[in-house]
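The values are calculated or read from the model by the stated rules, or taken from the named source; none is laboratory data. Computed from a predicted model, the values in this text were never measured in an experiment. Using ideal geometry, Cβ is built from the backbone for each residue, glycine included, and neighbour counts are taken over all protein chains shown. Only protein heavy atoms, including side chains, enter the accessible area calculation; ligands, DNA and RNA are left aside. Shrake-Rupley method; radii C 1.70, N 1.55, O 1.52, S 1.80 Å.
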Amino acid sequence: MRGRFITLEGGEGAGKTTAMRTISEWLASRGREAVITREPGGTPAAERIRDLLLNPETGPLTPMSELLLMFAARQENLAGIIRPALSAGTDVVCDRFTDASRAYQGAGRQLGAAAVETLADLVHPDLKPDLTLLLDVPVALGMERIRGRDGGPDRMEQNRPEFLERVREAYLRQAEREPERFVVIDAARPLPDVSAAIENALEEKWR
Ligand code: T5A
């Protein structure tokens with residue numbers, strides 16, 4: 001039996017750090033072995049692609065290059081971490097996956113759905129998450145939360161609010177299209193409430 005594939009999504013400042021911990025602890029409390037990974041990133045090569053994508057020194061990239069680099073990193077993460085773990089029956093919790101490309105490059109960068117879906121069909125035609133938790137937070141609140149963080153904004157966080165509004169809308173539309181896979185969590189609430197909602201979603205899925 002393959003492991004469970006859980007992904008976490010959301011805009012900037014949604015609170016994914018605490019959410020990842022909540023998911024890991026929930027799985028551990030049920031005696032499930034889980035591998036934690038992130039996108040872009042995961043393997044050494046994918047982490048180098050991540051640095052290229054997020055380091056402000058990279059400067060502007062064409063939206064198509066950005067999308068291709070996201071999928072190059074994804075292919076490495078799939079081959080090196082995600083697929084081997086799932087095949088061994090180990091659960092995988094991934095901080096962002098292809099829904100982020102749909103939201104950020106497809107909608108945010110306005111590349112459109114077709115380019116993203118073409119690459120998704122090429123890179124993982126056989127695989128999609130069993131559960132996607134979408135931490136939804138108003139753009140202004142998310143930006144407020146990350147303001148003043150050490151090191152300043154990364155290359156993606158430098159995007160304008162209009163971009164982030166398109167990202168948020170695209171995530172919510174994707175969740176509406178796939179209600180059996182997505183659970184939308186109101187991440188504007190205090191952290192303990194967000195954690196409780198995540199635990200509820202996991203209980204509902206695998207009671
Ligand atoms: N990307 C990624 C694409 O464009 N396309 C793709 O295909 C993929 C895979 C990297 C970037 O790459 C883009 C999206 C991203 O821009 P990332 O590493 O996930 O992705 O980067 P971030 O979105 O910046 O994620 P973070 O790990 O920084 O997490 P969050 O969720 O932004 O922020 P977090 O958890 O650190 O919280 C921020 C602050 O808010 C507080 C926290 O304590 C923290 O101080 N906070 C709360 N405070 C009060 N109440 C709450 N409920 C709170 N939740 C959090």
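I'd like the full set of residues that are on the phi > 0 side of the Ramachandran plot and touching a Gly at 6+ places or on another chain (Cβ under 8 Å), limited to region 152-196. Write out each step before concluding.
Kept after step one, since they are on the phi > 0 side of the Ramachandran plot, are these residues of region 152-196: 152.
Within region 152-196, none qualify.
Go through region 176-207 and give me each residue that's within 10 Å of the ligand (Cβ to nearest atom), in a helix (DSSP H, G or I) and acidic (Asp, Glu).
Matches in region 176-207: Asp193 only.
Condition check ((1) in a strand (DSSP E or B); (2) within 18 Å of the chain's Cα centre (by Cα); (3) β-branched (Val, Ile, Thr); (4) closer than 21 Å to Leu164 by Cβ) across all residues:
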| residue | (1), (2), (3), (4) |
| --- | --- |
| Ala19 | no, yes, no, yes |
| Leu27 | no, no, no, no |
| Gly42 | no, yes, no, no |
| Glu66 | no, yes, no, yes |
| Tyr104 | no, yes, no, yes |
| Ala107 | no, yes, no, yes |
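In this structure, is Arg96 open to solvent by 60 Å² or more (accessible area, probe 1.4 Å) and either at pLDDT 95 or above or over 25 Å from Asp136 (Cα atoms) (or both)?
no
Quick one: in region 16-41, of everything that is free of Cβ contacts under 8 Å to residues at least 60 places away in the same chain and open to solvent by less than 30 Å² (accessible area, probe 1.4 Å), which residue is farthest from Asp136 (Cα to Cα)?
Out of the qualifying residues, it is Gly41.
Here is a check on your reading of the model: is Leu111 within 15 Å of the ligand (Cβ to nearest atom), assigned to a loop (DSSP other than H, G, I, E, B) and within 17 Å of Leu53 (Cβ to Cβ)?
yes
Just the residues that are buried (at least 19 other Cβ atoms within 10 Å of the Cβ) and either more than 10 Å from the ligand (Cβ to nearest atom) or within 15 Å of Thr18 (Cα to Cα) (or both), please, taken from region 152-165. Walk me through how you get there before you give the answer.
Restricting attention to region 152-165, the residues satisfying the condition of being buried (at least 19 other Cβ atoms within 10 Å of the Cβ) are 164.
Result: no residue meets the conditions.
Please determine, by comparing only the residues of region 59-84 that are touching a residue at least 40 places away in the same chain (Cβ under 8 Å) and in contact with an Asp or Glu (Cβ under 9 Å, 6 or more places away or on another chain), which one is nearest to the ligand (Cβ to nearest atom).
Out of the qualifying residues, it is Arg74.
Is there a residue in region 62-75 that is surrounded by 18 or more Cβ atoms within 10 Å (Cβ to Cβ), more than 27 Å from Leu122 (Cβ to Cβ) and of a type in the set (Gly, Ala, Ser)?
no
Can you name the condition, by its number, that Ala197 falls short on among (1) touching a residue at least 40 places away in the same chain (Cβ under 8 Å); (2) open to solvent by less than 40 Å² (accessible area, probe 1.4 Å)?
Going through (1) touching a residue at least 40 places away in the same chain (Cβ under 8 Å); (2) open to solvent by less than 40 Å² (accessible area, probe 1.4 Å) one by one, Ala197 breaks only (1).
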